[in-house]
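Just below is one structure, and these are the notes that go with it.
Nothing in this text is a laboratory measurement; each read-out follows from the coordinates by a stated rule. Since the model is a prediction, treat every value here as computed from it, not as a measurement. All Cβ positions, glycine included, derive from the backbone under ideal geometry; neighbour counts span all protein chains shown.
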Amino acid sequence: MQAHPTIAPGTVLGGDFRVDAPLGMGGMGSVYRAQQISTGKPRAVKVMHPSLVTSAEMRERFVQEARIGSMIQSDHVVEVVGAGVDQATGAPWLAMELLHGEDLAAHVARRGRLSADELVTVMRPVFHALSAAHQQQIVHRDIKPENIFLATAHSSTAAMTVKVLDFGIAKVAAQALGTATSAMGTPLWMAPEQTEQQARVSPATDVWALALLVFWALTGKNYWRTAQHSGGSVPQLMREVLFERMVPASERAREVAFGVMLPSGFDKWFARCTAREPAERYQNASAAGVELFQSVLGVSTGLPAGSAMVTMPSAAGGFSPPTAPSAAGGFSPPTAPSPSRAPSFGTVTGMPVAAPPPSGSAGKVALIIGGVVLLLAVGFVGLAGVGGMLWFRASAAPAPPPMGVPASPPTPGAPAGADPSPAEPSPVDPSPAQPSLPAVPPPSPTTPSAPLPAADPTSTTKKSAYSAGQKVDVLWGGSWWQGQIVAVKNDKYLVHYIGWAASWDEWVTTARLRAWTGSARSK
């Protein structure tokens, strides 16, 4: 019995997307190569597993969340060109641009850790996408290497473009798997607040994951000790995330990645990004990006115009509304309260300009112009002095104090598996050659691209003992727990522990399953 219905080749979704062939399958859905009938362009269509979205309300929510990408003013977010719910199967789907290349996890596995120059090339677009998202009060919630895609560019100026995948989809899956308060994310990259059932996320949640991602890209190793050996479990990881001392990034790099030197100033930046209290972190990707690129790496930020302001929490506990798009398509900087008789600002250059002079003789006009020039010169000198003083004070500021720990420990006994979430399939056609980053020698023509997981050729002759949607008892830690089969692949079963957040889901074998008794533990 198959885990989920297969979309047959030739099926037309939404009246405009004809399915050609499958590209991959993950824990949340399957991705197919399709052709957009109206334009003839190849597309990637992601179809969510029907068992994850069972109610009409949740299906409608999926379609709404799928449209969030159109609100983000960044070319580094995957373009969604259509979304809907298949009438025949009830499965939600979304059509995206078809990407050729590989995700960042596959690239680092194939080529090794990134140099400082490569880091700028890859991470500047990531910060650009998240800065634009945070301005729209959109939080990704699942930043990890598998959701950063290095796509082949069709351009005369660049060989590669970076795309951030799966905006909004993580949120829908969290709500569909049980309750709307379920935590969502991949444990290795989750911020402390995401481990709570009543997860209250903000842009600062993404900042935590961004810091871990930058550390991983520079060292080729995850920051957490639990991730360094195969026997690590989620409870061990959560203890590290929530309670153990956060050692400086350079110290951990020496421990897990011999010979790797992190840039000067990286420790201070990383410590602020990974403060356990969200209010003590940079409040959005813009603020974190400005500090990383300008102060630590010494390059320009490349962030959306006007996005470098720090958004502070509001009195109600949320975060402030984003800056609205300007007429030119960019983002306007926040307007500070103006004292009386302050100079006006030009619409083109943004520099102070004088109000129109009153009518009078040419001598008065010349006198006014001379005064304005003198004021501008004095203003520029003053600004340079203030900027130098601020720079000196910022560079001399002490490192932040040691961070505290949450007031209460997490619920013990969570199911094991340091990273139980299966990698989601990307909107990618695996056949073309993978893109290469600047400053890295390109792969030889014989270098194979990173393939998507292949199905077991014997799978057609095997009959699974359990099927998707079936409730079972799951053996973990010497006890039986209540679970439900989410997906089946050959002789492996993706199990959701009933009553737990979706991040605890894991793949298990038949040996750890038994028929549902109704008497196994649930909490």
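How many nm is it between the label spots at residue 196 and residue 507, if each spot is 7 Å from the Cα in line with the beta carbon? Using points 7 Å along Cα→Cβ, the separation is 3.3 nm. Other residues lying with their Cβ under 13 Å from the Cβ of residue 473 contribute a combined charge of +4, Lys and Arg counting +1, Asp and Glu -1. Other residues with beta-carbon under 14 Å from the beta-carbon of residue 253 carry, at +1 per Lys or Arg and -1 per Asp or Glu, a net charge of +2.
Near residue 276, once Lys and Arg are set to +1 and Asp and Glu to -1 for all other residues with Cβ below 12 Å from its Cβ, the sum equals -2.
Packing, as the average of other Cβ atoms within 10 Å across residues, places the peptides 491-498, 513-520 in the order 491-498, 513-520, highest first. If the segment from residue 117 to residue 239 were pulled out straight at 0.36 nm per residue, it would be longer than the present Cα-Cα gap by 40.5 nm.
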